[in-house]
Each structure stands twice: as structure tokens, then as C-alpha cells.
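The values are calculated or read from the model by the stated rules, or taken from the named source; none is laboratory data. These numbers were taken from a predicted model, which means no experiment stands behind them. All accessible areas refer to the heavy atoms of the entire protein, side chains included, with ligands and DNA or RNA removed. Shrake-Rupley method; radii C 1.70, N 1.55, O 1.52, S 1.80 Å.
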Amino acid sequence: MDFGTFLVQCLNSVQYGLLLFLVASGLTLIFGIMGVINLAHGSFYMLGAYMAFALSPLFGDQFIVMLAVGVVLAAVFGYLLEWAFFSYLYQRDHLQQVLMTYGLILVFEELRSILVGNDVHGVKAPPWLEGSFALGDLMSYPWYRLFASAACVVLAIGLYYVVNRTRLGMMIRAGASNRDMVRGLGIDIRRLYRIVFAAGVALAALAGMIAAPMSSVYPGMGASVLIICFVVVVIGGIGSITGALVASLLVGFVDTFGKVFFAELSGMGVYVLMAIVLIWRPEGLMGRKV
């Protein structure tokens, strides 16, 4: 492998890992802090991709505005979904959580089929992000992929700041450690959970919107993302945002370079990584913390 190809694969690894972090961070908030096993999280990623497909003709070149509108719509949807369904799951066992969230997957898939059909769709990148830039004499890299990586980095920094430097983040961290104590201090834990859930849905949907121009928008696209996100959460440590970031980047490198060097065995690479990490640190890389 020459240096140009190696550099492209490194950029692809980072871009995939950062995009995966957006989805996994939402799952970390919902699973790690609220204690709900949300199998429908991949459907929120699919929702974002289909929103990009539906909204892109309306906004044209205003791609950033489209992303902002999509995030707001996804957050409102998540807030209402938590109020209507997930608020009843906190005191129930994991089996009921799994059954209800799996039922939501079926509902979302059927609604998707009714509204947009079962065809595969494409979303064009905005004109100002089309094309690529040179990496050496023979290799080039798309501007849109670089934009996706930069957007994910900005969002990761923003998420870190909110969780670790704001009053809302303080309440989220306290709720992750001891929800009964937070309730005893007079904080409306149900409202806090709705905000956390809405943020998790918005992050997953935003990841889907950013990913849509790089890949096709197709039925069932949330299923594979859901599995890999649970792998990231387990590797990073349940409830750890920092752990989710580190684990996402590790998974990105293992998956990308595994497909380059071991194409026949690439599907098992991330699961071997998970097994190694759990043998070494059963609680995950960063343990249970935000």
C-alpha cells in the first residue's frame, strides 16, 4: 500500500468513526443514562437519512439550514415519542423494553414503506461541497467527506462542552450516577429524561442526514447501524460519552483497514476488538461515566 492510499484510508476511518460517534453518543445517552435498551435507535438514523432525501429538494444549496431544520424536527419527534411511549418503560424490566422498542422498529419500517416506498434513493451533496482535492499525484479525496468529518468534530466538541461545562450537563451526569438523589434535590427527572431522549434522537437523525449524500437511502438501513452502535457503547463503557468517541474511532480504523487487508474476515473484526476489550476491561475502556 502506497502512502497516498494509506492516507485516504486513514481519512475514511476517521470520517466513519466520527459519524458512528454521532449515532452511538445518542444511544449512550439513552441506554447509559436512562437505562432503556432502545432497539429502535437505528430507526432514528434511518429517519434522518429519509429526512435529507425529503428536505433536500426544498432547501437546494442551503444544506446547513436543511440540517438545522432536520435536527429541530427530530428533537421534537423524540420529545413526543418519549412522552408517548418511553416514559412508561423506566420501571419495567429489560424484556418489556426490548419488546416495545422492537415493535417500534416494525412500525417505523411500515410507515417508511407507506410514505416513500421501498426503492433505493440517493441524496446529492450541495454544489459547494462537490468535487475533491488532490492527495499527492494520483489520489484525491471528496470535499463532502472532509466536511462530514469536520461537522462531527464540531458536534463532538459541543456535546463535550454541554455535558461537562453546563448546568444541564451537570444534571445529566448526576442523573446517570444516582437518579433518586437527583429527584430528591427537586429536579424534574422526567423532563430531564425527555430532553436527553430528544437529544439522542436528534444526534442519530443528524448522523443519518450527514451520511445520506455519501451512501444510498434504503429500507432497513438502521439495522446494521444499531448493531455496531451497541458494540461501540459496550467497548467505550456504558454511559461514557468519551468512551463512545474513543471506541467509535477504534471501530472505524478496525473496520476500514480490515476491509482493505482482510476482506474475507472484515465482518468479524469489530467483534474481535470488542471481545479483546471486554477480556481486558469488562466495564469498557472508560467505565460507567459520562
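For the chain, the solvent-accessible area with a 1.4 angstrom probe is 48 square angstrom per residue. In the assembled protein chains, Met286 presents an accessible area of approximately 60 Å² (probe radius 1.4 Å). Each Cα pair under 8 Å and six or more residues apart adds its separation to the average, and for the stretch 183-290 the resulting relative contact order is 28 percent.
Considering only alpha-carbon pairs that sit under 8 angstrom and 6 or more positions apart, the relative contact order computed for the stretch 95-183 is 11 percent.
Helix 143-165 axis versus longest C-alpha principal axis of the chain: approximately 20°, rounded to the nearest ten.
Taking all protein chains together and rolling a 1.4 Å probe, Thr166 ends up with roughly 40 Å² accessible. Taking the alpha-carbon centroid of each part, what is the distance from the stretch 30-52 to the stretch 217-269 in angstrom? Spelled out, the Cα-based centre of one part sits 16 Å from the other.
With all protein chains in place and a 1.4 Å probe, the accessible surface of the chain carries 68 percent carbon and sulfur.
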